[in-house]
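The block underneath contains the structure these notes are about, expressed in structure tokens.
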Amino acid sequence: SAELESQASNLEIGVQAAESDLVHTREEVNKAEMDKELNIRAKTFALALADKELNKYQELDGPRQLKESEMKLKRTEAELEEARKNLSEAQEMLQQDLIAGSEVKKAELRLLEAEFAFESAKMGNEVLKKFTAPIDLQKVRQTFEDATKQLESIRPYMDALVSQKKAALSKSER
């Protein structure tokens, strides 16, 4: 009789352990399903964001940067022409003793500054066209491609994980 009570107690403990495992396995299934939903939503959002960033760069930011660079180049070129004209006028006025030599020196300095500004703008424009813009475009394209691949790969992975948890639940329910 003591042996029967011990066996009954062991069976009761086994049943409680099995019920606990079943509850735990159900929680694992619920968690896996929630993780699946959250991961897919996060990857979908990341893809939508990457798509917007790509479109923004292609339609707005990229063209704006190029236009700003070209405008700076045109502006500095016009300033350079103006500085050349001013120096020429200052030299003529010096020959006619209308201004002091220091005014010609100032005009020469302004010409050097304008030449530097123009060359700098020209180089900046070339760097933008040859390197910066293509690299920036590749970065946003790569982000978009990565987000697409991540969304495509997360679905089967999460489906497999949920299936695995459901299989464990089915086994526990037997």
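The values are calculated or read from the model by the stated rules, or taken from the named source; none is laboratory data. As the structure is a computational prediction, the values presented were derived from the model and not from experiment. Quick note on the areas: whole protein, heavy atoms, side chains included, nothing else; ligands and nucleic acids left out. Shrake-Rupley method; radii C 1.70, N 1.55, O 1.52, S 1.80 Å.
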*asked:* Please enumerate, by chain and number, the lysines with C-alpha under 22 Å from the C-alpha of Lys36, excluding those fewer than 8 residues away in the same chain.
replied: Lys149, Lys165, Lys166, Lys171
_Space enclosed by the convex hull of the alpha-carbon atoms of the range 107-170, per residue, Å³_ = 71 Å³
*Comparing Ala78, Ala48, Ala18, which has the greatest mean-square fluctuation in the GNM of the chain with Cα pairs linked when under 10 Å apart?*
Ala18
*Give the cross-link partners of Lys52 among the aspartates and glutamates, using a straight C-alpha distance below 17 Å as the criterion and excluding same-chain residues fewer than 8 apart.*
Asp61, Asp136, Glu145, Asp146
_Mean shadow area of the range 1-69 over all directions, Cα convex hull, nm²_ = 6.1 nm²
*Report in % the part of the accessible area of the range 30-76 that belongs to carbon and sulfur, leaving out ligands and nucleic acids; probe 1.4 Å.*
58 percent
*In whole Å, largest first, what are the principal axis extents of the Cα atoms in the chain?*
133, 30, 17
*asked:* Straight-line reach from Lys129: which lysines fall under 16 Å, measuring Cα to Cα and dropping same-chain residues less than 8 apart?
replied: Lys67, Lys72, Lys74, Lys139
*asked:* Debye calculation, C-alpha points only, no solvent: report log10 I(q)/I(0) for the range 75-148 at q = 0.16, 0.18, 0.23, 0.28 Å⁻¹, in the same order as the q values.
replied: -0.66, -0.74, -0.92, -1.09
_Heavy-atom accessible area per residue - the chain, 1.4 Å, Å²_ = 73 Å²
_Acute angle (nearest 10 degrees) that the helix 62-95 long axis makes with the longest principal axis of the chain, alpha-carbon atoms_ = 20 degrees
